[in-house]
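Below is one structure, written out as structure tokens; comments come after it.
The numbers here are math on the coordinates, done by the rules we state, and not lab data. What you are looking at is a predicted structure, and each value in this text was computed from that prediction instead of being measured. We place every Cβ from the backbone using ideal geometry, glycine too, and count neighbours over all the protein chains shown.
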Amino acid sequence: LYASAELEPVAIAEAASVDTRVTVQRGDVAGVILLHAAARRADLIVLGVGQHDGRRYRFSSIAERVVRGGPCPTLVVPEGPHSAAEPFENIVCAVDFSPASHAAVHHALRLAQRSERRLTLLHVVDGPGPDDHSQYPWLAAHEYYRSLGVTALEQLQALIPLRERALVLARVVVGSAVTEILRLAGTTDARLLVIGARPRSRIGRRLFGRTGLLLRRANCPVLAVPEPARAQAEDHEGRRKLAA
């Protein structure tokens, strides 16, 4: 689904013998994209994000709305050198053990299998990062984070099929989620980030959260995989009971 009046990409698609349909429509950008994706039963939504700060902030905000409301995975591609590179070279998948991130792991494993590329599963324990030397100087705090890290690593390794363990690396770090995801993507020269996308609450939709920051700052494409419909229904029912 291509949401733009620019026709140059259409010429590129036609040169590659890809069947193309162009639709230009006025209105709420994210809302129109989601309507078309649902009506056409899209398998994938692809959005481009420019590098200019003002435009990138705006389009990242639109992309976050699409990511969180999309009926299918959304690929957000930033302008830059990685945009034209092999997209599946070195994949990083961020895992928080939610239903959405489990779906992301499943997609990341499929992509790695098809392209025979390296996949790193990353879990970030929320705490002081490696550059933070002023907080939590006590031994008990370090032992606490080490214990959390050991448990998370065991959970990550349990997600990797036995036949894939030679090609998939599990890593756990302590710090800020967005910072550490982007740090690992940079040090591994990742060409694709895979994340889980969950719908927000009514209040949360007004805020530019971690997903938005990641989309705004990432230098490589980000594939956001939606939470399974069953998990969404269970979450909605849980919130309804709490509100009752």
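Provide the FRET efficiency to the nearest 0.05 for the Arg26-Cys72 pair, computing r from the beta carbons and using R0 = 41 Å.
0.95
Using label points projected 7 Å from each Cα along Cα→Cβ, tell me how many nm separate Asp43 and Arg210, to one decimal.
Rounded to a tenth, the inter-label distance reads 3.1 nm.
Using modelled amide H (1.01 Å from N, peptide plane; none on Pro or chain starts), what sits under 5 Å from the amide H of Leu47, excluding residues fewer than 5 places away?
Hits under the 5 Å cutoff: Leu75, Val76, Val77.
Along the Cα→Cβ direction, 7 angstrom out, place labels at Arg146 and Phe97. What is the inter-label distance in nm?
Roughly 2.0 nm, to one decimal.
What's the FRET efficiency of Ala158 with Arg114 using the Cβ-Cβ distance as r and R₀ = 30 Å, to the nearest 0.05?
0.85
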